[in-house]
Amino acid sequence: MTKPSIGSVKGWIYGSGVAVLCVWVLLPIGLIGLGAFGGRPAVYQWPKTLWPASLSLDQLAVFLKIDGVWNAALNSVLAASLTMVMALLLGAPAGYALARFSFKGATLFRLMILLTRAFPLAILALPLTVLFIRVGLYDTAFGVSLVHTALALPFAAMITASLFAGIPRELEEAAWVFGCTRWQAFVKVVLPLALPGMAAAAIFAFVISWNEVFAASVLTVQQRTLTAYLLTVLSESPLHYRFAGGFILIVPSVVFIFAVRRYLFALWGVTSR
Amino acid sequence: MAAITIEGVSKRFGAAMALEHLDLTVTDGEFVALLGPSGCGKTTLLRIIAGLETRSSGRVLIGDQDVSDLPPAKRGLAMVFQNYAVFPHLTVFENVAFGLRMQKRDEATIQRQVKRAADLLQIGPYLDRYPAKLSGGQRQRVAVARALAVEPAVLLMDEPLSNLDALLRLEMRAELKSVLKEAGTTTLYVTHDQTEAMGLADRIAVMYKGVIEQIDTPTRIYSKPSSTFVGGFVGSPPMNFLSMTASAGRLACAGFSMPLAHEGPVLLGFRGEDVALVKADQGLGFEVRVIEPMGSHLLLTGMVKGERVRVVAAPQAEIERGMTLGLQLDAARVVVMDTQTGKAL
């Protein structure tokens, strides 16, 4: 895609499109930041300013002192890490198969992978809860991570499939010819080349789990993840504390996604430079 | 060092026959080129020998060992790929050393063999670089060095020069020939470029539609093709074929006669440079339609009894469009083909 030149009609449409999207994403983040750092006055002030009148870390500090926040954060990290590992361990082989082998129903398989995301979690919630209670997974970070793995798996498979497809088959064949078994060739040649992209897929799985709130809320009572915990705790607290909580939730996702944006663009077919 | 023997190898892709019961022997230390148009099965054959493709039937032997069911790693061969397939995450040194490291050779041997291969291919100065910093020609050298470093029994090359530009290709061709002669490795070389095959190979196997049409020295492939396909595919301009009729044990036309133990219609094949241009009444009447000055010679295209013929004339010959000349054929330098099968009689 070529960038339209500035000044032309196309340029204007392009520019305003970019502007709308930026506002769409940045405005809520800005407002949350304003509330988190500006405290009560910034939340209720109207018209809003770009920068809070008085900057303070009080609400963030108070928020971090709330009972159970650290435990919830730990649960979140635990669930997200488990999700990351499981999604990759299951997703990467699927991705490799999709990239390297032509088998009957490959296209259908590809479609089905994505269709798993079309199945509403709300319908699954009740049977899952019953099942989890029965097998003893209820109210554990591991139980939550199982559901999150199901959510992240399609993306892990699709991202790794495009990664592996981008590594020429000849490189693997050369490795075989020069003495590698299939597994050795994968470890010595494919993996090093795919590693940055695999890291991106892992981080993406982490973020999916970190952000997920519905399943986490339904499947835990005591051992809540941060999102689920905040949903219950903050619904009764003053607005600026909610903003502080929201801010802390957003930051890791934004940082991670920013770090791996190149690979996500590649996944979505946007040319990256 | 080892010979390659292929016995009755066939390959089917669904209903399509890619290779049909193919036999081929490459003797120890020999350089054989597999030459053919794209889709003739030459790369498939090479990949079957390497173990990268499964065969439908037949056997592949390297030396005395049947390697048909061994994985590529166990076949004791090396390969140079069309797009080089140099590992981008390894330095040139590690690329060349890759096969040796897989064989678990000691460090001193690795250093020595890599250095020797690198010297042979003149990539010594780049050993610490990554392939991304190299040109196409240099990468190809790395790929060849990687293959020679393991001192393979058999070297397979899949159109190794086709991604290089014309001048570099000419240079690499001459270099490859001297390097491989020195190494004395049994080599099977796939190409669709006849000049490459002619220039490099001890023997050429011309493939067409999954079978080997002819396997012989470059000279004999050129002058004594075994079928109309080989005559038409090898050489520029391609071989000319005239429809004639043999009778009473002879094949004869104006100014030409040769004994032939065949009756009825045949095709007479001759190379454009194997005819003498004489006066119109002394040979086959040749009406000049197009004259192309090629520098070293003139390429004449014209008609002989309604059939298109291309002949080569001296660059200073005084020939004009529309002239009728005589073609005098040399019985020792013609081939006679069966009209029906296209095979030499």
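The values are calculated or read from the model by the stated rules, or taken from the named source; none is laboratory data. Nothing here was measured: the structure is a model prediction, and the numbers come from that model. Don't worry about glycine lacking a Cβ; one is built from the backbone with ideal geometry, like all the others, and counts go over all protein chains shown.
Sort out for me the strands (runs of 3 or more DSSP E) sitting completely within region B:184-299 that have 1 or more residues that are under 20 Å from B:THR25 (Cα atoms).
On the way: elements: B:186-191, B:203-208, B:211-216, B:240-246, B:250-253, B:256-259, B:264-270, B:276-278, B:284-293.
Qualifying strands (runs of 3 or more DSSP E): B:186-191, B:203-208, B:211-216.
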remark   = Expected output for region B:93-112 (first residue part of a helix (DSSP H, G or I), partner exposed (fewer than 14 other Cβ atoms within 10 Å of the Cβ), Cβ below 8 Å, 6+ apart or cross-chain) is B:PHE93/B:ASP128; B:LEU100/B:THR109
Search result, residues across region A:200-240 that are under 18 Å from A:GLN59 (Cα atoms), in a helix (DSSP H, G or I) and small (Gly, Ala, Ser) = A:SER235
inquiry  = Considering only region A:186-208, I want to know if a residue exists there that is surrounded by fewer than 18 Cβ atoms within 10 Å (Cβ to Cβ), within 14 Å of the chain's Cα centre (by Cα) and modelled with pLDDT under 90.
reply    = yes
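Any residue at all in region B:89-97 that's hydrophobic (A, V, I, L, M, F, W, C) and within 9 Å of chain A (Cβ to nearest Cβ)? It would help to see each step written out before you state the result.
First pass over region B:89-97, keeping only residues hydrophobic (A, V, I, L, M, F, W, C): B:90, B:92-93, B:96-97.
Within this subset, residues satisfying the condition of being within 9 Å of chain A (Cβ to nearest Cβ) are B:90.
Yes, the conditions are met somewhere in region B:89-97.
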message = It is to be established whether one or more residues within region A:161-180 are crowded, with 23+ Cβ neighbours inside 10 Å, in a helix (DSSP H, G or I) and hydroxyl-bearing (Ser, Thr, Tyr).
response = no
ask   = So which helices (runs of 4 or more DSSP H) stay within region A:39-130 end to end and still have 1 or more residues that are more than 27 Å from the chain's Cα centre (by Cα), surrounded by 11 or more Cβ atoms within 10 Å (Cβ to Cβ) and modelled with pLDDT of 90 or more?
value = none
message = As an exercise: evaluate B:THR25 against (1) hydroxyl-bearing (Ser, Thr, Tyr); (2) out of contact with any Gly (no Cβ under 8 Å at 6 or more places or on another chain); (3) assigned to a loop (DSSP other than H, G, I, E, B) and give the number of the one condition it does not meet.
response = (3)
ask   = Would it be correct to say that A:THR225 is in the same structural domain as A:PHE164 (by TED's automatic domain parsing) and within 20 Å of the chain's Cα centre (by Cα)?
value = yes
ask   = Quick one: how many residues across region B:103-117 are under 13 Å from B:ALA147 (Cα atoms) and within 8 Å of another protein chain (Cβ to nearest Cβ)?
value = 0
request  = Answer yes or no as to whether B:GLU53 is under 30 Å from A:ALA194 (Cα atoms), under 25 Å from the mean Cα position of the chain (by Cα) and more than 9 Å from chain A (Cβ to nearest Cβ).
outcome  = yes
inquiry  = Kindly evaluate B:THR301 against the criterion of being surrounded by 13 or more Cβ atoms within 10 Å (Cβ to Cβ) and in contact with a helix residue (DSSP H, G or I) (Cβ under 6 Å, 6 or more places away or on another chain).
reply    = no
